Amino acid sequence: MKSAVWIIFAFAALALFFGCSSNSGDDDVNGPSDDDSGHGIDDDSGANIDDDTGNLDDDTNADDDSGDDDTGSNAWNGVSIENVDAPNELTVNVAFNGDPGKAAAEDLSVYSIDSSVGSLTLTAAQYNPLTKTVQLTSKKQKLGITYTLIITPGENSKEGLTEDFISADTAQFWATDFSSPNFPDYQLTADRAAVGTYSVIYIEQGMSASDVAQAISEFDDKIYPIETNLFTTAPDVDGNGKILMLGLNGGDYYGGYFTPVNEYSEEQTMQWWGLHSNEMDMIYINVIGGTLNVGIVIPHEFQHMLYHKRHGFTEPYFDYHDEGLAECATHAVYGVNSYAISYYEADPNGKIGNGMSLVHWEWGVYEHYAVAYLFWTYLASRLNDVPSYHDIFDLDTGSPEEVNAFIAANLLSDFPTVQSSGMLANWIQSLDTIYGYGDMLYFAGHSSPKVTPGITSLDLEPFGGAFFHLTQQLVNYPGTQGEHIMYIGVDPDDNVDLTAPFFVNGGVLLVLNANQDYNGWPTEHSGPDLPAQGVKTAAPKALISPAWLDPPPINPYNLESLRQWREAAIKRIAEGE
């Protein structure tokens, strides 16, 4: 009896076992008999099916797959990139067609961002399932760069998802407040306006510029290649291979400026000067007038950037070298700097005509820019024309001593002789002698400013010179002139007399202080103690000094020149120029 019971019980157990393993309702696609050895009952009731390889279902939570939480490549099946943008320097937004799920979308290991100038490091990812958008937090992006986002879900994925985007639609910048005599920095937000080969332009929010496309084209095709070929290669402290031009509201204070502070790290500038750095190669352009002043401001300020790369914070700093060459940069890019010549001829304040010094610089006075431009251009014309701007630029400081040595080595002459010859070139405009500019420039002869009628002598600083219009046939040194005063006579037919007594005969007498010792800028009585002739004319009121456009390059070690410029700017604003 007991044996029969056990036999019946055994058959019942076998029937129960085979009944539960019949695969009725089983979702395995491998046939009617489940071969999951050692796995017990198949629980694949969700989206993922058992692949009968001896592995358990790959759902890490053993759930029913409602709301997929896969972090592997399966989560990205059917998902594509709809759009990628970088709203600011530290954020990249990625919108998807399809839902990879929160776990997969926030897995930083699937993302990489690369570019021609290096990769971009990502630090965080936050997914919004409602908008199917992931916000990636990045290290600071390089501005003006096209990045490529690559999503590689896993080793088994056939190919990654890729999409290009341009860095930082908006960015924050530090700028200088010129309304304060201490020139503190302040922060502003600007929108990207355009990207070029060598340039990127941002415009302060609330401002606009109508010539953005022209600025990009002119900079890429002319300004950048010409100036870098002529002077030196451009700096690239931020590694993007581009110069940033920031259009901002500069009020009435300036047209544009360059600050070398941005060429150093934030850590350095805060430690050295307590100033912020944008850590990038950039120039600032006032767009309060609605334009970027392409042909006036940009080539000038870009030269200052190149000058700083070559010379650094040079001490002593000679403005006539840097600023004069910035005006020469405009000549190199666009041809003759006609505005500088027009301003020189007009001499609206009488400074040039009355013997202003070439070297002793006054900020906010455009006459200095014009005279320095003509001097360096004349020197270049005596050498190899425009390419010789490079040799002049490459002088270590541009000090009078260094220029004198340069002239001696290249022309077997000296500074005062070349300066006086350049002044005579301005007056005579000869086409075939040293008293002209050769092929570099030409303007009407006898149009140089002259001493104010009635004045008999000037107190000239070193490197100061002037033309006395005199009716006397012969003029000699009066004996009252200073030790370093030299004369040259020019008659109405442009014959030059270098020997006393000087034949003038109704022409002009050039007087020059040839003293090269400029310590303290001692003045000397010029003579000739004869009244200058002519009719005093009113300065053209419509001619406004563009010196206000150009603050000196900001030198945190010496803000005095910047304060002098600011005082001149305030005076100009008060006078309503």
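The values are calculated or read from the model by the stated rules, or taken from the named source; none is laboratory data. Quantities reported herein were computed from a predicted structural model and do not represent experimental measurements. We place every Cβ from the backbone using ideal geometry, glycine too, and count neighbours over all the protein chains shown.
For the condition under 17 Å from ASN555 (Cα atoms) and either of a type outside the set (A, V, I, L, M, F, W, C) or outside any helix (DSSP H, G or I) (or both), what is the one hit in GLU327, GLU362, GLU367, GLU345? Reasoning before the result, please.
On the way: GLU327 fails: under 17 Å from ASN555 (Cα atoms); GLU367 fails: under 17 Å from ASN555 (Cα atoms); GLU345 fails: under 17 Å from ASN555 (Cα atoms).
Within the list GLU327, GLU362, GLU367, GLU345, the selection yields GLU362.
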Taking the stated definitions as given, is SER420 closer than 23 Å to ARG310 by Cβ and either touching a residue at least 60 places away in the same chain (Cβ under 8 Å) or among the hydrophobic types (A, V, I, L, M, F, W, C) (or both)?
-> no
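For GLY118, are the conditions met, namely being surrounded by fewer than 17 Cβ atoms within 10 Å (Cβ to Cβ), on the phi > 0 side of the Ramachandran plot, among the small types (Gly, Ala, Ser) and in the same structural domain as ALA86 (by TED's automatic domain parsing)?
On the way: surrounded by fewer than 17 Cβ atoms within 10 Å (Cβ to Cβ): yes; on the phi > 0 side of the Ramachandran plot: yes; among the small types (Gly, Ala, Ser): yes; in the same structural domain as ALA86 (by TED's automatic domain parsing): yes.
Answer is yes for this residue.
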Keeping to segment 167-212, report how many residues are part of a loop (DSSP other than H, G, I, E, B) and under 25 Å from SER561 (Cβ atoms).
-> 8
Restricting attention to segment 352-366, which residues are out of contact with any Pro (no Cβ under 7 Å at 6 or more places or on another chain), at pLDDT 95 or above and crowded, with 18+ Cβ neighbours inside 10 Å?
-> ASN354, GLY355, MET356, LEU358
Got at least one residue in segment 430-452 being crowded, with 20+ Cβ neighbours inside 10 Å, within 38 Å of the chain's Cα centre (by Cα), part of a loop (DSSP other than H, G, I, E, B) and at positive phi?
-> no
For segment 171-193, does any single residue satisfy the condition of being closer than 14 Å to LYS142 by Cα, surrounded by fewer than 21 Cβ atoms within 10 Å (Cβ to Cβ) and either out of contact with any Leu (no Cβ under 6 Å at 6 or more places or on another chain) or without any contact (Cβ under 8 Å) to a residue 24 or more places away in the chain (or both)?
-> yes
Of the residues GLN481, GLN472, which single one is touching a Leu at 6+ places or on another chain (Cβ under 7 Å), farther than 25 Å from PHE406 by Cα and in a loop (DSSP other than H, G, I, E, B)?
-> GLN472
ILE298 vs. criteria buried (at least 24 other Cβ atoms within 10 Å of the Cβ), of a type outside the set (Phe, Trp, Tyr), touching a residue at least 12 places away in the same chain (Cβ under 8 Å) and not in a helix (DSSP H, G or I) | no
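Does ALA425 satisfy the condition of being over 23 Å from PRO531 (Cβ atoms) and either touching a His at 6+ places or on another chain (Cβ under 8 Å) or surrounded by 16 or more Cβ atoms within 10 Å (Cβ to Cβ) (or both)? Full working, then the answer.
Details: over 23 Å from PRO531 (Cβ atoms): yes; either touching a His at 6+ places or on another chain (Cβ under 8 Å) or surrounded by 16 or more Cβ atoms within 10 Å (Cβ to Cβ) (or both): yes.
Yes; evaluated as a whole, the condition is true for this residue.
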Could you run through segment 194-218 and say how many residues are more than 11 Å from LEU248 (Cα to Cα) and touching a Lys or Arg at 6+ places or on another chain (Cβ under 7 Å)?
-> 3
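Could you run through segment 484-507 and say how many residues are assigned to a loop (DSSP other than H, G, I, E, B) and not small (Gly, Ala, Ser)?
Initially, segment 484-507 is screened for residues assigned to a loop (DSSP other than H, G, I, E, B), giving 484, 491-495, 498-501, 504-507.
Then keep just the ones that are not small (Gly, Ala, Ser); that gives 484, 491-495, 498-499, 501, 504-505.
Final tally of qualifying residues: 11.
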Does ASN410 fit the bill of being at pLDDT below 95 and over 24 Å from the mean Cα position of the chain (by Cα)?
-> no
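Could you check segment 310-327 and list, in sequence order, the residues that are buried (at least 18 other Cβ atoms within 10 Å of the Cβ) and either under 24 Å from LYS242 (Cβ atoms) or in contact with a strand residue (DSSP E or B) (Cβ under 8 Å, 6 or more places away or on another chain) (or both)? Working first, answer last.
Taking segment 310-327 first, the residues buried (at least 18 other Cβ atoms within 10 Å of the Cβ) are 311, 317-327.
Residues satisfying the conditions are HIS311, ASP322, LEU325, ALA326.
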Quick check: is even one residue across segment 226-234 touching a strand residue (DSSP E or B) at 6+ places or on another chain (Cβ under 9 Å) and either among the acidic types (Asp, Glu) or at pLDDT 95 or above (or both)?
-> yes
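Here is a list: GLY534, GLY527. Which entry is at pLDDT 80 or above and part of a strand (DSSP E or B)?
Numbers: GLY534 fails: part of a strand (DSSP E or B).
One residue alone meets the criteria, GLY527.
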Looking at segment 247-259, is at least one residue of a type outside the set (Phe, Trp, Tyr), modelled with pLDDT of 95 or more, more than 27 Å from LEU395 (Cα to Cα) and under 13 Å from the mean Cα position of the chain (by Cα)?
-> yes
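Give GLY251, GLY274, GLY241, GLY247 a once-over and let me know the one that is among the small types (Gly, Ala, Ser) and not in a loop (DSSP other than H, G, I, E, B).
One residue alone meets the criteria, GLY247.
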Any idea which of ASP391, ASP396, ASP385 is in a helix (DSSP H, G or I) and modelled with pLDDT of 95 or more?
-> ASP391
